[in-house]
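The values are calculated or read from the model by the stated rules, or taken from the named source; none is laboratory data. Please read all numbers here as calculations on a predicted model, not as lab measurements. Neighbour counts run over all protein chains shown; Cβ positions are idealised from the backbone, glycine included.
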Amino acid sequence: MMIGIAAALLACFGYGVSSVLQAYGARRSAAAARDRGATGHVTATGGPTLLSTIHAALTAAFIVGIALDVVGFVGSAVSARLIPLFLSQTIISANLIVTAVLGIAVLGIGLHTRDWVAIVAVIVSLFVLGLGAGERGHHDNPDRTIHWIVLAVSVLILLGGIALTRIFGSRSAVMAGLIAGVLFGMLAIGVRILHGVDHFQPWVILADPAAWTVAIAGIGGFYLHTVALQLGSVNGATAALVVGETVVPGIVGVVFLGDTARPGMGWVVVLGFIGAVAGAVAVAVFGAAGHQATPEPEPEAKVPDNV
């Protein structure tokens, strides 16, 4: 249990710092594109193109963020195998606190009282959730049909997310973050049900549809999270991601994989889970509102050549 919790905390730190660095890289990339008058970086609806996202991912800060994402992935994979998904994913969701606090120094983001209240609510809820969490379920080898279903659902979610960001463009920051979170949640489920891990059997792993779920959901979630960081506030995008990656695997873990609370503590787990998700939603809403309320700098007026 303690190793799983430590791994989830490692993932929390890695993901939280990486979000800030990736947001910084995305901002620098967008600013550089504007300075050189580059075209083809924005779609007709105001969303970033694939070219824009690739340029953002090639900045130094973004690359360091990717390295921390790898650290976060390792931590989240270990925790998904050792502790209940509702506990591991909710601990990892605390990365929004790391993101919010670090964003003050790196991105110059100001937090209001309401933001701090929401963040404290998440921390308290995580503590309550930890008190009530029981043992990880042992239904880790469900019928192979479930593996195919998880893969198919992940593909559909990814395609739907890409389509929606193209349709809604600049208004899709929180939505892109939420869908990225759901994909990361599907990744956690894939890791949990993956065959061939315990005794490390590479061919068994590669033959399991759950392994392809891990790859597709991981890459798709990373892409959509990058889009969300390009479009909106890092706090809003990350908090929306947290909701998706917490709710979906938490419910699947309890309903299908046998994750449980301590005897008589089920109501405590439900209370902590709801509080953590509600706090994350509040951070997302406040972050999106704050981002929209921040006015863009006025372009400098051009002086006619003949003056």
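Contact map, the stretch 257-284: first residue more than 30 Å from Arg144 (Cα to Cα), second residue part of a helix (DSSP H, G or I) and of a type in the set (D, E, K, R), Cβ cut-off under 8 Å, separation 6 or more or different chains; pairs are Ala282/Arg114; Val283/Asp115. For Ser154, the conditions (1) polar (S, T, N, Q); (2) over 26 Å from Gly266 (Cβ atoms); (3) at pLDDT below 95 all hold with the exception of (3).
Residues satisfying the criterion are absent from the stretch 178-193 (criterion: over 30 Å from Ala237 (Cα atoms) and of a type in the set (A, V, I, L, M)).
Here's the yes/no breakdown for (1) assigned to a helix (DSSP H, G or I); (2) farther than 27 Å from Ala240 by Cβ:
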{"position": "Ala176", "(1), (2)": "yes, no"}
{"position": "Ile179", "(1), (2)": "yes, no"}
{"position": "Ile189", "(1), (2)": "yes, no"}
{"position": "Asp198", "(1), (2)": "no, yes"}
{"position": "Ile205", "(1), (2)": "yes, yes"}
